[in-house]
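Contents: one structure, followed by commentary.
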Amino acid sequence: MRYAVIVTGLALWASAAGVAGAAENAPVAAAQDQVQRIKGQIAQMLADPLSEEALSAQTDVVNFAKESDRIFITISPKFFEFTESSYDSMLMAHYLAGATLYDLDHPDRAKDELADVPSALDSTVKLYRALRAKDPKFQHPFFDTIDERAQKGELEQLVQELNAEPADESDVPTDLDLN
């Protein structure tokens, strides 16, 4: 009889420990699920930038980038020029999506201010190409240059070149709504 009590007690303890362990792991699992969901949304944004799914994913991705303690994005006028068009918030959302994806895939380099910029520019230029195909009148020399360099596989080199130039922050809007 004593053995049954001990075994039952051990079973209850193991069960309680398992529940406690599961409860402790629940936030980790939820965070991992969120990361996978965000990565999926970014993949949709990159695959078909003007689809309904991609457009609706932008808000989630931007909010995740703003709120996550795993994402470190430096936005500089060296690497992003506003077009003074209705597309600015979409272009910025794609910039953030590319940088976010890089930071999630390379957590050891997330705090490196320049490491995620090539990915951010690549994401942005994918949207720029889609916008140009939809609206051929929409054109911006900065993004044309990025597109040209991306096609040559020179985004990392371009980032180094742009980083060496002094920044002109006079045209950076302070009221851009990304949501």
Item to check | Matching residues in the stretch 73-116 - criterion: being touching a helix residue (DSSP H, G or I) at 6+ places or on another chain (Cβ under 6 Å), over 18 Å from Ile38 (Cα atoms) and not aliphatic (A, V, I, L, M) | outcome: Lys78, Phe79, Phe80, Glu81, Phe82, Tyr87
Checklist entry - How do the pairs read when you match residues in the stretch 55-78 that are of a type in the set (Gly, Ala, Ser) with residues anywhere that are buried (at least 17 other Cβ atoms within 10 Å of the Cβ), using Cβ under 6 Å and keeping only pairs 6 or more apart or on different chains? => result Ala57/Gln41; Ala57/Gln44; Ala57/Met45; Ala65/Ile71; Ala65/Leu96; Ala65/Thr100
Next on the checklist: Suppose we keep only residues that are touching a residue at least 60 places away in the same chain (Cβ under 8 Å) and touching a Gly at 6+ places or on another chain (Cβ under 9 Å) within the stretch 110-134. Which one would you say is surrounded by the fewest Cβ atoms within 10 Å (Cβ to Cβ)?
Outcome noted: Lys126
Checklist outcome for this item: Screening Ser89, Ser119, Ser123 for residues that are under 13 Å from the mean Cα position of the chain (by Cα) and within 16 Å of Leu55 (Cβ to Cβ) leaves only Ser123
Item to check | Yes/no for Lys137 being under 29 Å from Asp33 (Cβ atoms) and surrounded by fewer than 20 Cβ atoms within 10 Å (Cβ to Cβ) | outcome: no
Checklist entry - Among Leu96, Leu121, Leu114, Leu162, which is modelled with pLDDT under 95, in a helix (DSSP H, G or I) and under 16 Å from Thr74 (Cβ atoms)? => result Leu162
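The values are calculated or read from the model by the stated rules, or taken from the named source; none is laboratory data. These figures come from a predicted structure and were not determined experimentally. Cβ sites come from the backbone with ideal geometry, for glycine too, and all protein chains shown count toward neighbours.
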